[in-house]
Amino acid sequence: MNPIKFSSRINRLTGSLIRETLALTQKPGMISFAGGLPSEEVMPRLAMQNVPQSLGQYGMTEGEPELRAFIAHRLTALGRRCKPEQVLITSGSQQGIDLVSKLFIDPGTPVVIEAPSYLAAIQSFRLFGADFILHPLSQEGIDSEQWLSSILRYQPAFSYLIPTFQNPSGVCYNRTERESLAEIFDRTGGLLVEDEPYRELAYDVVDRHPLCGYLQKAPWIYLGSFSKTGLPGLRIGYLAASEDLFPLFVRLKQSADLHTSRIGQWWTHQFISSADYPAHLDRLSAYYRHKRDIMGEALKSHFGDIARWDTPKGGLFFWIRLNQSVDTREILKRVLEKNVAFMPGKPFFAADDPPQGFLRLNFSRSFPFEIEKGIALLGQMIRQQVQ
Ligand code: PMP
C-alpha cells in the first residue's frame, strides 16, 4: 500500500473556531453574536435580469474592465492614486489574503500583525509557516515607535494591518498614527498589506483614508471587499497593489482559479455604479448604528461591573475585556446550552500564550429584542462564572 503523503504545511492547518461555532448557531432559537454576517434585512435584492450572455464565457484573470476602472477611480478619490491596471478582482478579500501568503511566506518568514487580528488571516499566514511579530492595539492604532523597532530588528516580509474598524477590536487608527506609520513605511521601505473590508460601515466621524494613501514611495497592497455592502455570497473583493508587485498576483490568481465569477462582477458593478448606491450606504450605516447603540446600552446595563470596552465607531463588533482573566471558551460552552453564542477572544491572538478574558460580540444580525435578551443572559452567566 502506498500511504497518502500530505505536504508538510498540512501539519499547520488549523480548524476554524468561527466555522465550528457558526454551525452550532444554526439551531432554531439561537441568539448568535458569534459570526460577522451582514443583515439580510439591508442587503440589496439579487435581481439578475438582462445578464449579458457573453458573461457565460471565460474572462480575464485580472477581472472585468468596468469594475476595475470603478475601483481604481474610487481609490484615487480616497487618496491612493491607482490605475485600473493595478486592480485585481478576487473571490472575496479572503482570496487576497491567500495570494499574499503564497507570494511572501515560507516557513519561518517574519510577518507583523496586530494583536488581536483577523482570525482567517492568522490561519492563512500560519498555514504557510509565518513567524508572527505581534503589536498590541490601543484605540489609536499600533505604537509606531515600537513597530519601527520590530521592522529594523526582524525585517518582516510585510505588516498586515486593518486600520479601519478592525476585526475583532473595532479600533480605527487616528490620523496622526496613520501619518506616522506611513512615514516609517516610506523611510524603511517596509511593505504594507492593508485590509479594509469595513470602511463603508462608519457610524461616527473618523479619519478613514486608506493608510496606503499616505505613502509616498513604500510598496503597498490594499485589500477591499463588497461583502459588507453588497452580497457576500457573490464573493467579490479586490486587491490593488504597487505596480512592481501587481503582475505576480495576476500569475498567482491564474493558478488559483483563472478568474472570479464574471456574473458576480457584473452584478456588483451594476450595483455600485447605480445612482442609489450612496443612499444605500447611508441606509446601511443608519441601520447598523442603531443596532450598535442598542448593544451599547445593553452592555452598560449588564456588563458595567464585569468588563471594559470601547464603543466601536464602525464595523460590526464590540470587543469586550472581562475584568477577570477567565477562559471565555468555557463560558461559551455554558451559554450555548442557553441558546446564546459569541466568539471567544483567544483565537484572535496569534501568540503561544494568548491573553484570557476577551470576547467578540457581533451586533449586525440579531434583532433588537434578541440583543437585549442575549446580552442580559450573557451578563448573568458570566457573573455566575467569575464570582
Ligand atoms: N478581512 C477581514 C478583516 C474580515 O473581517 C473579512 C471577513 N469578514 C475578510 C477579510 C474576508 O471577507 P470577504 O472574503 O468576504 O471579502
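The values are calculated or read from the model by the stated rules, or taken from the named source; none is laboratory data. Note that the coordinates shown come from a computational prediction; the quantities given were computed from them, not determined experimentally. Counting neighbours? That spans all protein chains shown, and the Cβs are built from the backbone with ideal geometry, glycine included. What goes into the accessible areas is simple: the full protein's heavy atoms, side chains included, and nothing from ligands, DNA or RNA. Shrake-Rupley method; radii C 1.70, N 1.55, O 1.52, S 1.80 Å.
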Requested in this report: Return the only residue of LYS228, LYS217 being among the basic types (Lys, Arg), open to solvent by 10 Å² or more (accessible area, probe 1.4 Å) and more than 15 Å from the ligand (Cβ to nearest atom).
Outcome: LYS217
Query raised in the report: Would a scan of segment 86-93 turn up a residue that is part of a helix (DSSP H, G or I) and either touching a Gly at 6+ places or on another chain (Cβ under 8 Å) or within 16 Å of the ligand (Cβ to nearest atom) (or both)?
Result: yes
Report summary line: Filter segment 195-208 for residues that are surrounded by fewer than 23 Cβ atoms within 10 Å (Cβ to Cβ) and closer than 20 Å to ILE113 by Cα; the one that is nearest to the ligand (Cβ to nearest atom) is GLU196
Query raised in the report: Is there any pair with a first residue in segment 225-248 that is on the phi > 0 side of the Ramachandran plot and a second that is open to solvent by 30 Å² or more (accessible area, probe 1.4 Å) whose Cβ atoms are under 9 Å apart and which are 6 or more apart or on different chains, and what are they?
Result: ARG235/SER91; ARG235/GLN94; ARG235/SER261
Requested in this report: Name, by its number, the condition in (1) under 25 Å from TYR118 (Cα atoms); (2) within 16 Å of the ligand (Cβ to nearest atom); (3) open to solvent by 10 Å² or more (accessible area, probe 1.4 Å) that does not hold for PHE246.
Outcome: (2)
Requested in this report: Taking the residues in segment 253-278 that are polar (S, T, N, Q) and outside any helix (DSSP H, G or I) as candidates, determine which candidate is surrounded by the most Cβ atoms within 10 Å (Cβ to Cβ).
Outcome: THR260
Query - Residue satisfying all of: in segment 150-187; over 27 Å from PRO347 (Cβ atoms) and open to solvent by less than 10 Å² (accessible area, probe 1.4 Å); farthest from the chain's Cα centre (by Cα) among these - result: ILE184
Query raised in the report: From the set of residues in segment 348-378 that are out of contact with any strand residue (DSSP E or B) (no Cβ under 7 Å at 6 or more places or on another chain) and among the polar types (S, T, N, Q), which is farthest from ASP327 (Cα to Cα)?
Result: SER364
Requested in this report: Sort through THR229, THR188 and tell me the only one that's closer than 19 Å to GLN146 by Cβ and of a type in the set (Val, Ile, Thr).
Outcome: THR188
Query raised in the report: Here are some residues: ASN167, ASN174. Which one is among the polar types (S, T, N, Q) and away from the ligand (no atom under 16 Å from the Cβ)?
Result: ASN174
Requested in this report: Hey, can you tell me all the residues within segment 307-320 that are surrounded by 16 or more Cβ atoms within 10 Å (Cβ to Cβ) and not aromatic (Phe, Trp, Tyr)?
Outcome: ALA307, PRO312, LYS313, GLY314, GLY315, LEU316, ILE320
Query - Condition check for SER101: surrounded by fewer than 17 Cβ atoms within 10 Å (Cβ to Cβ) and over 23 Å from LEU316 (Cβ atoms) - result: no
Report task. Test LEU127 against the stated conditions and say whether it is open to solvent by 50 Å² or more (accessible area, probe 1.4 Å), within 16 Å of the ligand (Cβ to nearest atom) and touching a residue at least 40 places away in the same chain (Cβ under 8 Å). Result -> no
Requested in this report: Could you identify the single residue in ARG68, ARG74 that is open to solvent by less than 50 Å² (accessible area, probe 1.4 Å) and at pLDDT 95 or above?
Outcome: ARG68
Report task. Check whether at least one residue in segment 351-361 is modelled with pLDDT of 95 or more, surrounded by 16 or more Cβ atoms within 10 Å (Cβ to Cβ) and within 16 Å of the ligand (Cβ to nearest atom), and report yes or no. Result -> yes
